[in-house]
Amino acid sequence: MRIVLGVSGGIAAYKACLLLRRLSEQGHEVTVIPTEAALRFVGEPTWAALSGRPVQHDVWTSVHEVPHVRLGQSADLVIVAPATADLIAKAAHGLADDLLTNTLLTTQAPVVIAPAMHTEMWQHAATQANVATLRDRGLHVMDPASGRLTGSDTGPGRLAEPEDIEAFALAAVQESLGAGGASASSALDLAGTRVLVSAGGTREPLDPVRYLGNRSSGKQGHALAEDASRRGAQVTLVTTTDRPAPTGADVVGVETALEMRDAVLSRAADHDIVVMVAAVADFRPKARVDSKIKKTIGQDDAPTIELVRNPDILAELVQQRGEARFPILVGFAAETGDRDGGVLDHARAKLIRKGCDLLVANEVGDGVTFGQDTSTVHLLRLAHPDEVQTIGPADKDVVARAVWDVAVEMHSWS
Ligand code: C5P
């Protein structure tokens, strides 16, 4: 997940270092936004070293990247820990006089506020009214812990322990995912995982206006990307379509098989799981003509198009990883039965030939699968090629969930 960790100025800022460390170790991409006051307690180098990323703390740095909007927009979760009475008051009133308060106004992600202050400040009617306002607006405000405060006094106002803030934050994300329809059992089981999904059908140009294409719509690939993101993965989506992509995904637009090959092969090693859903053209025209191929008026002529083989990206991925068994590779295959065997026979042979870890065999035919919202698939694993799990006919979202369920299990064993 992309997490923004906002830190406001309290002595408990040191505890946010422990929270940051936990989140980073789990593979989350955490950007820290300390307020100027927070930087008096814990310095920028500590935040940068623990997050492994530059620290963002003012709206005037890298203005061309519009940080006051971008950080909030691209976050999957925003946590403010510790949140002082002043920060809570600003958030409740929509003030935006620094990068953190700007981010709170621009994000659509779940926001978790972990207060820390003296008991009197926490119990003050103004703070309680501000907390109620934030909770009414759907922000997740934790209750502070009770115990020893900065001085010798004790009472409610201590920052909650880092593990409790983390658990509370993940529950908040799950709650927001639940609203989006994810099943409770699968929620966030891809957190900290990087996945690459290829989607759509490649187009192989003949001339500036014509191409050889296929009927793949990209629906299944985008559904896989969407579900992976919902489950907490950092998603790279290499796609030939302009369908909507999950928020926060790194989207790489491509058109041809060769472009897809470059995009996938150069990125695969940085990912834990690669799912090749794209319908990659097996052949491309040997030459792309620079101007439109014209017919000769009055003649019955027609050009002959010479084709050449495209590289098999999935096979190259299998080769590239060698014995490493990393990343986990998932292939898709559109299959029909014929005289030589049924869909499953062909799929099993392809699984073994390709050497990917999981093959999702689609039953295709006239008007079945391509461009439709539903499909029937058989999941076959290289480790147990005789076992088959059949899904469908089912919505492509359901197929996506089933594929990730298996891939997550494989990842947990790898
Ligand atoms: O051999 P077939 O095209 O049926 O294999 C389908 C699987 O191989 C899909 O996962 C597809 O994305 C991948 N593929 C590929 N490069 C190709 C052709 C297919 O990666 N040139």
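A count restricted to segment 172-190 and to residues that are under 14 Å from Gly138 (Cβ atoms) and either modelled with pLDDT of 85 or more or open to solvent by less than 20 Å² (accessible area, probe 1.4 Å) (or both) stands at 2.
Hey, among Ala279, Ala257, which residue is touching a strand residue (DSSP E or B) at 6+ places or on another chain (Cβ under 6 Å), aliphatic (A, V, I, L, M) and within 13 Å of the ligand (Cβ to nearest atom)? Lay out the reasoning, then the answer.
Values: Ala257 fails: touching a strand residue (DSSP E or B) at 6+ places or on another chain (Cβ under 6 Å).
Only one candidate qualifies: Ala279.
Is it the case, given these coordinates, that Arg215 is over 22 Å from Phe326 (Cα atoms) and in a strand (DSSP E or B)? Against the criterion (over 22 Å from Phe326 (Cα atoms) and in a strand (DSSP E or B)), Arg215 does not qualify.
The requirement of being open to solvent by 30 Å² or more (accessible area, probe 1.4 Å), touching a residue at least 40 places away in the same chain (Cβ under 8 Å) and closer than 27 Å to Thr154 by Cα is fulfilled nowhere in segment 59-71; no residue meets it.
Given the criteria farther than 15 Å from Glu166 by Cβ and crowded, with 24+ Cβ neighbours inside 10 Å, does Ile11 qualify?
Details: farther than 15 Å from Glu166 by Cβ: yes; crowded, with 24+ Cβ neighbours inside 10 Å: no.
Answer is no for this residue.
If you check Val251 against the conditions, is it more than 16 Å from the ligand (Cβ to nearest atom) and in a strand (DSSP E or B)?
Working: more than 16 Å from the ligand (Cβ to nearest atom): yes; in a strand (DSSP E or B): yes.
Yes: the conditions hold for Val251.
Considering segment 232-248, and only residues there that are among the polar types (S, T, N, Q) and within 16 Å of the ligand (Cβ to nearest atom), the residue that is farthest from Gln73 (Cα to Cα) turns out to be Thr240. Only one entry of Ala245, Ala225 meets the criterion of being farther than 29 Å from Leu307 by Cβ and either of a type in the set (Ser, Thr, Tyr) or not in a loop (DSSP other than H, G, I, E, B) (or both), and that entry is Ala225. Within segment 274-305, being open to solvent by 80 Å² or more (accessible area, probe 1.4 Å), basic (Lys, Arg) and within 28 Å of Thr241 (Cβ to Cβ) holds for Lys286, Arg288, Lys292.
Taking segment 311-329 as the range and being within 13 Å of the ligand (Cβ to nearest atom), open to solvent by 100 Å² or more (accessible area, probe 1.4 Å) and in a loop (DSSP other than H, G, I, E, B) as the test, no residue passes. Checked against (1) open to solvent by 50 Å² or more (accessible area, probe 1.4 Å); (2) β-branched (Val, Ile, Thr); (3) within 16 Å of the ligand (Cβ to nearest atom), Val308 passes all but a single condition, namely (1).
Go through the residues of segment 28-40 one by one and say whether even a single one is open to solvent by 10 Å² or more (accessible area, probe 1.4 Å), part of a strand (DSSP E or B) and either in the same structural domain as Gly138 (by TED's automatic domain parsing) or not acidic (Asp, Glu) (or both). Within segment 28-40 (the criterion being open to solvent by 10 Å² or more (accessible area, probe 1.4 Å), part of a strand (DSSP E or B) and either in the same structural domain as Gly138 (by TED's automatic domain parsing) or not acidic (Asp, Glu) (or both)), the answer is yes, since at least one residue qualifies.
The values are calculated or read from the model by the stated rules, or taken from the named source; none is laboratory data. Owing to the predicted nature of the structure, the values given are computational and were not obtained by experimental measurement. As a convention, Cβ positions derive from the backbone with ideal geometry for all residues, glycine included, and neighbour counts pool all protein chains shown. With ligands, DNA and RNA removed, areas are computed over all heavy atoms of the protein, side chains included. Shrake-Rupley method; radii C 1.70, N 1.55, O 1.52, S 1.80 Å.
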